[in-house]
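Report on one structure; see the data block that follows.
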Amino acid sequence: MRKMIALGIVLGLGLAATAAAQDAKAKGEKLYADQKCAMCHSIGDKGNKKGPLDGVAGKLSADELRQWIVDAKGMTAKTKSTRKPDMKNYALPKEDVDALVAYMQTLKK
């Protein structure tokens, strides 16, 4: 009986974590649209093809994605990126940055 209860708790926590991840992804997708990221980036066939984000999750870690959002100028220097115009730094609340990162992490191709 205890094993059944423990299993139920584990499954419930797993479902809650999955739902939270889906909520963060949906919020990140909305933020991507609201911040007009498609002006400089594309996902699939939508947006500026010069800055494709398809497969970005396979190339960059969550921390690197976060750094590109909050310190793009630093990341441009660090990676010696030559793409113009330079990406601007975004002053977003941490929860919004986390949501954008969660969304970007779903872009594995």
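The values are calculated or read from the model by the stated rules, or taken from the named source; none is laboratory data. Since we're looking at a predicted model, the values are computed, not measured. In this analysis, Cβ positions are derived from the backbone assuming ideal geometry, glycine residues included, and neighbour counts consider all displayed protein chains.
Taking the numbered list (1) in contact with a strand residue (DSSP E or B) (Cβ under 6 Å, 6 or more places away or on another chain); (2) among the basic types (Lys, Arg); (3) surrounded by 11 or more Cβ atoms within 10 Å (Cβ to Cβ) in turn, residue 49 passes all entries but (3). Listed by first and then second residue, the pairs linking a residue in the stretch 29-49 that is under 14 Å from residue 90 (Cα atoms) and touching a residue at least 60 places away in the same chain (Cβ under 8 Å) to a residue that is crowded, with 18+ Cβ neighbours inside 10 Å and among the aromatic types (Phe, Trp, Tyr), with Cβ atoms under 7 Å apart and 6 or more places separating them unless they lie on different chains, are 32/103. Within the stretch 52-94, the set of residues being under 21 Å from residue 34 (Cα atoms) and loosely packed, with under 12 Cβ neighbours inside 10 Å comprises 85, 88, 91, 93, 94. Of note, residue 24 satisfies the criterion of being of a type in the set (A, V, I, L, M), at pLDDT below 90, surrounded by 12 or more Cβ atoms within 10 Å (Cβ to Cβ) and at negative phi.
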